[in-house]
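What follows draws every value from the coordinates through simple rules; no lab data is involved. All of these numbers come straight from a predicted model, not from anything done at the bench. So basically every Cβ, Gly included, is an ideal-geometry build from the backbone, and we count neighbours across all protein chains shown.
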Amino acid sequence: MGAAIKKHSRAFRTKSTVVSFGVLVPLGVFGIHCSPDLPLPDDLIPKTVDCTEIDHTYENFGKAFLQEYCLRCHSVTLESDLSRLDAPLGINFDSMGQVREFESRIRLRAGELGDMPPRLIPGPHPSFDERIKLIEWIECGMLTEDELEGDG
Ligand code: HEC
């Protein structure tokens, strides 16, 4: 009997920890920095990509992906830590030049690990399919429409 009560109160404590975590995380920098990942399953990570088969470009894929999932924190138009939800000031993806500068980190964080955008912050997150497409686009040189046509 006593044990049952103890067990019950332990369960309750666990639950309230979860609840307060859920409330604090969206408010706190702590939550952003400790955001868990959701790795792309190993068998889904494109290992060899046949780039002649890939026609994703900045215009038909990358731009909208970044707009939907990244720019609400990583944009030059956001100038305060608060409006950027603490995304580092120098890390912005408004243009192809900026995106190229961070391509390997973008591939890792948003493609493979899946901890960008931070999972505990409410907002849209890319699907596995979109993350695979991102990796393919990066793997094949992050082409723009013009570059793809020029490449033939
Ligand atoms: C809700 C705000 C938010 C969104 C949306 C967001 N980020 Fe971030 N990003 C952060 C914060 C906060 C940091 C700094 C902490 C960290 O590195 O985990 C960061 C850091 C980064 C870094 C630099 C750290 C490194 O690993 O080099 C990269 C790259 C990055 N984010 C990529 C992305 C990409 C790509 C997207 C979209 C798919 C994205 N982020 C969406 C908040 C955000």
Report task. Filter the trypsin sites (Lys or Arg not before Pro) in the range 96-152 down to the DSSP loop ones having no more than 12 other Cβ atoms within 10 Å, then list what survives. Result -> none
Report summary line: If each K or R counts +1 and each D or E counts -1, the residues other than P126 whose Cβ falls under 11 Å of its Cβ total -1
Query raised in the report: What ranking, highest mean first, results for peptides 50-62, 76-88 when packing means the other Cβ atoms within 10 Å averaged over each residue?
Result: 50-62, 76-88
